[in-house]
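Here's the structure, in C-alpha cells; my notes come after.
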Amino acid sequence: MIKRRLSAFLLTVVAASGSGPAATAAPAPPPPTVMVADTDTMGRVLTDPDGHTLYRYDAETNATVACLGYCTITRKPLLVPPGTELRLPDGIAGTLGEVTRPDGGHQVTYDGSPLYRFTGDRGTADTSGVDLEWHVISPRTAGTGQLP
C-alpha cells in the first residue's frame, strides 16, 4: 500500500513537471541575407531583404572592391555587421561571403562578386541600374546549376 501511494505520488510529480528533462528547441535559422524576385525584363534576380535588385560590377573580381568614393553615391554596397551568419533562400545555389571594404564596411558577396543596390531603382525588383559594367545576378537553383 505504501508502494502504491509512493508510485502515485511520483507519477503526479513527474506529470506536473512536464515528464522529465526539459526539451530544448533548436534555434530558428537567421533570415536569408538575400532574396530572389521576378523582374519584368531580367527574369529572376537576387535582391536585398527589402526586395531591391542587387548588382555586380565587372571591374570587381575575386572579391576585390573597386566601387569606392563617388561610385558609392549611386551604388550602395550591401553591408552586414561583422559576424553575421549569411544565408541564401532555400533552393538557391551559390556561395555567400563577405569582403572587408577599404572603408571598413563588411560587404556581402555572391560567388565572389560584391553586391550593390542602385539608388536609381524606384521600386522592388526594378532593374534600371543595368549598364555596360553593372549587371543583375541571376541565381542558380540548388542541385541543378540551372537558373530557377
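The values are calculated or read from the model by the stated rules, or taken from the named source; none is laboratory data. All of these numbers come straight from a predicted model, not from anything done at the bench. Every residue, glycine among them, receives a Cβ derived from its backbone with ideal geometry; neighbour counts consider all protein chains shown. To get the accessible areas, we keep the full protein, side chains included, count just its heavy atoms, and leave off ligands, DNA and RNA. Shrake-Rupley method; radii C 1.70, N 1.55, O 1.52, S 1.80 Å.
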Gyration tensor (alpha-carbon) shape descriptor, region 24-148, a/c threshold 1.5: oblate
Cβ-defined net charge surrounding LEU96, 12 Å radius [Lys, Arg +1; Asp, Glu -1]: -2
Accessible area (Å², per residue) of region 67-138, counting only protein heavy atoms and a probe of 1.4 Å: 51 Å²
Apportionment of accessible area to carbon and sulfur, region 19-138, percent (1.4 Å): 54 percent
